[in-house]
Amino acid sequence: MHINATLIDLYHVCKRECWLHANGINMEQTSETVYDGKLIHETSYADRSRKYNEIDVSAQYHGIDLYGKIDFYDTHNRIIHETKRSDKAEKAHEWQVKYYMWLLQLNGIQDVSAILEYPQLRQTSQIELTENDIEHLKNAIIEITQLKDMKECPPTIKKPICKNCSYYELCYINEE
Ligand code: SF4
């Protein structure tokens, strides 16, 4: 199986969302939230693509292919810049960024730092990667592969974040 940063992010938001995405049931393109997020990415820091590089990074763990696309990487200073629309899923965003840091480490690039940025909220946070974080990511990767193979979709989580999820109608169609 192929693991990417989206799966890492979704795994930390909702197991059901992770299962749906991992099994090819995608509704992202209809989500206004995702569209807004892309727009922020493109407009908030207009000169960013000139200063930083977009890089693809891959590795293997336990025979599982790991892949990540880092949109803004400051090669000179070894800093990942990750931009998000809202901090509602901040923990998941942090794990996504930590996953990128680990992927770079697996490729021999050490001492990478990362900044998570919320331009609309005028907030930034510095992200660190610890040995415990790497252990957590290794476990998460194994669990995502097991989750994907589950025959049944995990239950709904009934949390406020569901209202902004592109799977909302699919999940709650019978409850309205
Ligand atoms: S609507 Fe809620 S339960 Fe359904 S996939 Fe999204 S976050 Fe998970």
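The values are calculated or read from the model by the stated rules, or taken from the named source; none is laboratory data. Note that the structure is predicted; figures quoted are calculated from it, not measured. Every residue, glycine among them, receives a Cβ derived from its backbone with ideal geometry; neighbour counts consider all protein chains shown. Note: areas computed on protein heavy atoms with side chains; ligands, DNA, RNA excluded. Shrake-Rupley method; radii C 1.70, N 1.55, O 1.52, S 1.80 Å.
Brief remarks follow.
- Val13, Val57, reordered so the largest accessible area comes first (probe 1.4 Å): Val13, Val57
- In order along segment 121-138, phi translates into HN-Hα couplings of 9, 6, 10, 9, 9, 7, 10, 10, 10, 9, 4, 4, 4, 5, 4, 4, 5, 4 Hz, rounded to whole numbers, per the Karplus curve 6.51 cos²θ - 1.76 cosθ + 1.60 with θ = phi - 60° and x for Gly and Pro.
- Within segment 120-164, backbone nitrogen closer than 14 Å to the virtual label 7 Å beyond the Cα of Ile64 toward Cβ: 134-150
- Cβ-based charge dipole, the chain, positive-most Cα from Ile70, Leu106, Pro154: Pro154
- A simple packing score, the average count of other Cβ atoms within 10 Å per residue, orders the peptides 145-152, 163-170, 112-119 as 112-119, 163-170, 145-152, with the highest score first.
- Taking segment 75-172 and dividing mean pair separation by its residue count, relative contact order in percent (alpha carbons under 8 Å, at least six apart): 25 percent
- Ranked packing of 123-134, 62-73, most packed first, by mean Cβ within 10 Å: 62-73, 123-134
- Counting charges near Met1 (Lys, Arg +1; Asp, Glu -1) among other residues having Cβ under 14 Å from its Cβ returns a value of -2.
- Comparing Val97, His21, Asn4 along the charge dipole axis of segment 2-172, the residue lying farthest to the positive side is His21, per the Cβ-charge model.
- Sequence-ordered 3J(HN,Hα) estimates for segment 62-69 from the Karplus curve with 6.51, -1.76 and 1.60 and θ = phi - 60° stand at 6, x, 9, 6, 10, 9, x, 10 Hz, glycine and proline given as x.
- Long-range lysine pairs (8 or more apart or interchain), segment 74-159, Cα under 27 Å: 24
- Debye equation applied to the C-alpha atoms of the chain, log10 I(q)/I(0) at 0.19 Å⁻¹: -1.39
- Fraction of antiparallel bridges per DSSP, the chain only, in percent to nearest 5: 70 percent
- Taking Cα centre as origin and charging only the Cβ of basic (Lys, Arg, +1) and acidic (Asp, Glu, -1) residues, the dipole magnitude of the chain rounds to 140 debye.
- Whole-number percent relative contact order across segment 2-172, with pairs defined as alpha carbons under 8 Å at least 6 apart: 27 percent
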